[in-house]
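The values are calculated or read from the model by the stated rules, or taken from the named source; none is laboratory data. Keep in mind the model is a prediction, meaning the values are calculated, not measured. Don't worry about glycine lacking a Cβ; one is built from the backbone with ideal geometry, like all the others, and counts go over all protein chains shown.
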Amino acid sequence: MINLLYPLLTRDIPTTMSDEDVIKEYLATQNSAYFDVLYKRYSGKIFGKCISLLKEEAKAADATQEIFMKILLNLSKFSGKSKFSTWIYSITYNFCIDVIRRAKKDPSLLVDDIETKHDVVDDIEDTYLLELKVSRLKVILEEIPAMDKSFLLMKYQDDMSIREISEITKKSESAVKMKIKRAKQKFKKTYKEIYKEE
Amino acid sequence: MRNSFKELEKENMERFEKESQNVKDKIDGETSSFKFIGDVLDLYFSKVMGVFVAMSGGKDDDNKPKKDNSNPAD
């Protein structure tokens, strides 16, 4: 009764409450204040991934809206086996890749598995990517194929383990390692093409 | 160590701030529509099912004679 008279506000929910507890409370009470907490925590990050992959702000905003609807409708299916962030990022990457695939804008998504496992790929130091100027990182990410971009974002932006990436992309761990190596290689090649003088 | 990917993420998040409330309003609008449809179905579905049951020759629970509880000895 008290809840009806004094509806719960987002500010009443402790900021230290874990995602899993927020979800449990949301599913038990259907109080939208709990969903608002999840929205505040993750909407910016989801939008960031969408804009990196879809390149246009309006498309990224629409995608963020649709992804949150998916999250909301499937929240009861979240089993807690993985981190909540991993689960929602998985929805985000799959959604964006699907949008690009449907628009057939990126041929790399159609020939993704043709590359052989046995090609030798030189390893590139992480610092090469991590210490780049943000303005340049943006330019290179705009140029490389969406699939390579998503592998780099999962590894360097979301700090996902190889195992987590393998679960999201439904590829073996060795395939994921190879994909990351290839993505780094394409990144370096693109960088050299654009910034020739350095 | 610096992480330019994290810096880019922060930049994109700041970019979203002006759009955030607009997206949230759209989500709230969509959830309200879902909730409304759910409530309507909840309210009328049992009645519609009752009509179907009655039409197919079954007995509608609503037409059942109510048990007379007036005699405490029963």
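When B:Met13, B:Met1 are screened for being assigned to a helix (DSSP H, G or I), free of Cβ contacts under 8 Å to residues at least 60 places away in the same chain, within 23 Å of A:Met154 (Cβ to Cβ) and not hydroxyl-bearing (Ser, Thr, Tyr), only B:Met13 passes. Taking the listed residues A:Leu27, A:Leu75, A:Leu8, A:Leu4, the one that is assigned to a loop (DSSP other than H, G, I, E, B) and either modelled with pLDDT under 95 or of a type outside the set (A, V, I, L, M) (or both) is A:Leu8, with no other qualifying. Could you list, in sequence order, all residues of the range A:23-45 that are more than 12 Å from chain B (Cβ to nearest Cβ) and among the acidic types (Asp, Glu)? Residue satisfying the conditions is A:Glu25 alone. Scanning the range A:125-140 for residues that are within 17 Å of A:Lys181 (Cβ to Cβ) and facing chain B (nearest Cβ under 8 Å) gives A:Thr127, A:Leu129, A:Leu130. Summed over the range B:4-42, residues that are of a type in the set (A, V, I, L, M) and over 14 Å from A:Ser43 (Cβ atoms) total 4. Would you check which residues across the range A:79-89 are without any contact (Cβ under 8 Å) to a residue 24 or more places away in the chain and either touching a Phe, Trp or Tyr at 6+ places or on another chain (Cβ under 7 Å) or buried (at least 16 other Cβ atoms within 10 Å of the Cβ) (or both) and list them? Within the range A:79-89, just A:Trp87 meets the criteria. Considering (1) loosely packed, with under 15 Cβ neighbours inside 10 Å; (2) in contact (Cβ under 8 Å) with a residue 60 or more places away in the chain; (3) at negative phi, the lone condition that A:Ser76 does not fulfil carries the number (2).
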